[in-house]
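Enquirer: Sharing a structure with you now.
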Amino acid sequence: MNRLVSKLQGSGTYLFALIVGAIYPLAFAPFERWPLAILSVSAFWWLLKGTSPKTAFRLGFCYGLGLFAVGISWVFVSINTFGNASVSLAVFLTILFIALLASLFGLLAWLFRKYFSEYSLVSQIIIFSLFWLGINLFQGYSFISFPWLYLGYSQTGGIFMGIGSLLGVHGISLYLLPLAILTAEVATAKTTSKIVALGSYLVLGLGLSWWGLSGETKQESSLTVALVQPNTDQHKKWDRQYFAEIVNDMLQQTENYWGADLVVWPEAAIPAMDSQVNWLLEDLSKQATNSGSTFITGIPLLSNSQDSDEYYAGIKMLGAQQADYRKQQLVPFGEYLPLGFLRGLIEFFDLPMSSFTPGSSRQTGFDTDKAYLIPAICYEIAFSSLIQDLSAKSESKTKPKVILTISNDTWFGQSWGPLQHFQMAQMRAIENGLPVIRGTNNGLTALIDHYGQVIDQEERFVKAVLAGVVPLTQRRTWFSQWGYWPLTLISLLLALVAIGLRKSNKST
């Protein structure tokens, strides 16, 4: 090990940090080699040991740079191809965004080495893990609003995924971080105490995962569904001359599937304001009612107030029961501009339908004859607390619940982005113990069971209809009942433990 350390002097150390950061995204879709995330975090911890705060910041920044350059460089596609920014400008904006996210890991490393390097090993492990969780929350809920590549998402098919049913995706992350650190400690100094600690911690995680997946399960009925995947070209979507072609194609795709319990068109399937196409919506509602179907479509919704020019990304439910849902969690730059003064500077900051208003947080889901639908429009499926809250606010205490998400990932072309997005939908199923119905414009259109496993899915980039049966199996989970309150309490207790043990068995 000393030989390796001697080779990683100067710039070589930062290159190694860049490489181990780049390994991290390979734990997620489309590769899903989840042990690589553990290896990556272990190597990062090892690199930080004994460093100065200034060096730690640089290492953390390089680590984050590798992580996000490999993991989310696909944002270039939406900026260049669909935002009509030049290649040079798209590259600049992509690098700027990656650097912003990478700086969070630099800050994490600097704070950790500046203020906690003399704490005991137990305290350091806890503080490092809580700091990591903190930057995840900042990344997802600050002005950045980009909840991507959380460590917990690596477990959608992993052995610790059941922890998500107890404590959510952030709870999985908080478990995996000490696991990675203990692995690094054992690899660098195989003491009996560390080996025992690592073995015990593994057993704890497996036990928690088994407990999370073993909740009471009940299947009351099933739902027949038809998910229309129109594969509409994003360049044509908002061009008025293609409106009739787009709608007629979807009507033809749907024609043979009226009579299914649920017929779904994807996000913004109808490229017009609802008030502009009342004739079409009335016809679709009549078709749904006559055939006994519930019809769902994504469509921009104009404010009900005549004095307002606000509009929303929305879902309309048509048929015997009718209701609207307005998207609460908007995509920064795509659906709203965090920094308003940027509008008009370049075409990317003035994308079609980029001035939406967020919907009310007091909204509920859709109550149909057979099931209670928990709606999520595209980006919203990435926010676990939002889905849990909508589930908890269910107005029906007797009908089975199912998560319904519609999306349009066409913005990201053939990149990894849509596959990572799909993995988030799987985690929402694991957390809430509910099946997920996912309808998209060009994939991945899929049916997911209450354990987050795929029942059926349609190929990407094709015009198709996914017709199938969704068992309405409900699995009782801690997370569905309590959300992130248990994890909050655990984090506070861990912080107290870290403070209490900070002076014993000091580690560098």
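The values are calculated or read from the model by the stated rules, or taken from the named source; none is laboratory data. Bear in mind that the values here come from a model prediction, so they are computed numbers and not experimental data. Methodologically, a virtual Cβ is constructed for each residue, glycine included, from the backbone with ideal geometry; neighbour enumeration extends over all protein chains shown.
Enquirer: Starting from the range 201-213, take each residue that is modelled with pLDDT of 95 or more and list its partners that are loosely packed, with under 15 Cβ neighbours inside 10 Å, counting only C-beta distances under 9 angstrom and pairs at least six apart or across chains.
Expert: Pairs that qualify, where the first residue is modelled with pLDDT of 95 or more and the partner is loosely packed, with under 15 Cβ neighbours inside 10 Å, are Gly205/Ile159; Leu206/Ile159; Ser209/Ile159.
Enquirer: In the set Glu185, Glu118, which member is buried (at least 22 other Cβ atoms within 10 Å of the Cβ) and not hydrophobic (A, V, I, L, M, F, W, C)?
Expert: Unique residue meeting the criteria: Glu185.
Enquirer: Here is a further query. Between Gln453, Gln414, which is outside the structural domain of Val70 (by TED's automatic domain parsing), surrounded by fewer than 21 Cβ atoms within 10 Å (Cβ to Cβ), under 22 Å from Gly168 (Cβ atoms) and out of contact with any Cys (no Cβ under 9 Å at 6 or more places or on another chain)?
Expert: The conditions single out Gln453.
Enquirer: From Val465, Val469, Val497, grab the single residue that is at negative phi, at pLDDT 95 or above and more than 26 Å from the chain's Cα centre (by Cα).
Expert: Val497
Enquirer: Considering Leu149, Leu177, which residue is at pLDDT 95 or above, closer than 17 Å to Phe105 by Cβ and assigned to a loop (DSSP other than H, G, I, E, B)?
Expert: Sole residue among the options that is at pLDDT 95 or above, closer than 17 Å to Phe105 by Cβ and assigned to a loop (DSSP other than H, G, I, E, B): Leu149.
Enquirer: So, in the range 62-77, how many residues would count as being surrounded by fewer than 24 Cβ atoms within 10 Å (Cβ to Cβ) and closer than 17 Å to Gly12 by Cβ?
Expert: Result for the range 62-77: 1.
Enquirer: Another question about this same structure. Just need a number here: residues in the range 365-416 that are among the basic types (Lys, Arg) and touching a Leu at 6+ places or on another chain (Cβ under 9 Å).
Expert: Adding up the residues that qualify gives 3.
Enquirer: Evaluate the following for Thr294: is it within 24 Å of Tyr257 (Cα to Cα), surrounded by fewer than 20 Cβ atoms within 10 Å (Cβ to Cβ), at pLDDT 95 or above and assigned by TED's automatic domain parsing to the domain that holds Gln229?
Expert: no
Enquirer: Here is a further query. Being in a helix (DSSP H, G or I), among the β-branched types (Val, Ile, Thr) and crowded, with 21+ Cβ neighbours inside 10 Å narrows it down to one residue among Ile437, Ile430; which is it?
Expert: Ile430
Enquirer: Give me the pairs: first residue in the range 86-109 and without any contact (Cβ under 8 Å) to a residue 60 or more places away in the chain and within 17 Å of Asn136 (Cβ to Cβ), second residue in a helix (DSSP H, G or I) and among the polar types (S, T, N, Q), beta-carbon distance under 8 Å, and six or more apart or on different chains, which are they?
Expert: Once the first residue is without any contact (Cβ under 8 Å) to a residue 60 or more places away in the chain and within 17 Å of Asn136 (Cβ to Cβ) and sits in the range 86-109, its partners that are in a helix (DSSP H, G or I) and among the polar types (S, T, N, Q) give Leu101/Gln139; Leu104/Gln139.
Enquirer: Just give me the residues in the range 456-484 being surrounded by fewer than 23 Cβ atoms within 10 Å (Cβ to Cβ), among the β-branched types (Val, Ile, Thr) and not in a strand (DSSP E or B), in sequence order.
Expert: Matches in the range 456-484: Val462 only.
Enquirer: Ok, one more. Could you check the range 259-276 and list, in sequence order, the residues that are of a type outside the set (S, T, N, Q) and more than 32 Å from the chain's Cα centre (by Cα)?
Expert: Gly259
Enquirer: Among the residues that make up the range 31-43, is at least one of them of a type in the set (A, V, I, L, M), within 27 Å of Lys503 (Cα to Cα) and at pLDDT 95 or above?
Expert: yes
Enquirer: Whether any residue in the range 208-223 is among the aromatic types (Phe, Trp, Tyr) and either outside the structural domain of Ile430 (by TED's automatic domain parsing) or within 18 Å of Thr156 (Cα to Cα) (or both) is what I want to check.
Expert: Looking for residues that are among the aromatic types (Phe, Trp, Tyr) and either outside the structural domain of Ile430 (by TED's automatic domain parsing) or within 18 Å of Thr156 (Cα to Cα) (or both), one finds at least one in the range 208-223, hence yes.
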